[in-house]
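The values are calculated or read from the model by the stated rules, or taken from the named source; none is laboratory data. Computed from a predicted structure; not experimentally measured. Cβ placement follows ideal geometry from the backbone for every residue including glycine, while neighbour counts extend to all protein chains displayed. SASA here: full protein model, heavy atoms, side chains in, ligands and nucleic acids out. Shrake-Rupley method; radii C 1.70, N 1.55, O 1.52, S 1.80 Å.
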Amino acid sequence: MCHWSDVTLAVTPLRRIARYGNLIDVRRMLGVGAFCYAVTHILLFIADQMFDLATVFSEIWMRIYLTIGFTALLLLQVLAVTSTDGWQRKLKKNWKRLHRAIFVILALALVHFLMQSKLNIADATFAAGLAAWLVMWRLLPRRWRNGLAGLTLITLAAPVITVGVETAWYGWVNHVNALRVFYANFNPALAPRPALKVLLAGLAVLLYAVARRLFELWRARRTEPLAAE
């Protein structure tokens, strides 16, 4: 659910940075896809419990990470049901307010993912790092969001947050020495850590923005002599 939510939230920044407005057309489909994935996730859990609904509801009630995940699913269901044009017309301005609940859902899904992962939280931490990038982009002043300075700032900040999440989680839940986890992110002998993957993802967006900016400058200079003629 986290990765689907990250992809859904990535539509707006990518649309603005790439200046490709048609991306907005897929955002609703991705949101519904996130809901379908979450439903499939819980159906597999029900099947794992041999379709014993009493046991399923007992597990959801007794295990906090399942309670958190189920809460996220219920909220996501509300967004999926109200994602149609009809509901958008009916709710008007309240539609946007309601669909900002995606950030609450993302936070719940991340906690659920982290708690479910237990010993190996690499994927969950990577999802948390991407979420941090996407949230920070929205917190930037509007004039900074597509600028190279703003993108550089969040590209450098997101891996730091990722390391912080990984270090804090292993230290709190598994009682692993925080310095060991921290230094593992800088050990080239180990598999690439989530923070490095988050950094590479941010750099990819930043490099695209730089390339687009250079292309626009080149095109502008190329058209200047034609305009003078």
(request) Considering each residue of the stretch 102-124, count those that are small (Gly, Ala, Ser) and either farther than 17 Å from residue 9 by Cβ or loosely packed, with under 15 Cβ neighbours inside 10 Å (or both), and give that number. (result) 2
(request) Enumerate the pairs (first residue in the stretch 212-227 and closer than 19 Å to residue 147 by Cα and surrounded by 10 or more Cβ atoms within 10 Å (Cβ to Cβ); second residue anywhere and of a type outside the set (Gly, Ala, Ser) and at pLDDT 80 or above) with beta-carbon separation below 9 Å, excluding pairs fewer than 6 apart on the same chain, so at least 6 apart or on different chains. (result) 212/17; 213/148
(request) May I ask you to list pairs of residues, at least six apart or on different chains, whose Cβ atoms are under 8 Å apart, with the first in the stretch 104-126 being among the basic types (Lys, Arg) and the second being modelled with pLDDT under 90? (result) 118/173
(request) Quick one: residue 174 ticks every box in (1) open to solvent by 50 Å² or more (accessible area, probe 1.4 Å); (2) more than 29 Å from residue 17 (Cα to Cα) except a single one, so which number is it? (result) (1)
(message) Cβ-Cβ distance below 8 Å, separation of 6 or more or different chains: which pairs start in the stretch 41-56 with a residue that is within 17 Å of residue 71 (Cβ to Cβ) and end on one that is at pLDDT below 90 and of a type in the set (A, V, I, L, M, F, W, C)?
(response) 41/1
(message) Please verify whether residue 14 is free of Cβ contacts under 8 Å to residues at least 12 places away in the same chain and either part of a helix (DSSP H, G or I) or open to solvent by less than 40 Å² (accessible area, probe 1.4 Å) (or both), treating the condition exactly as stated.
(response) no
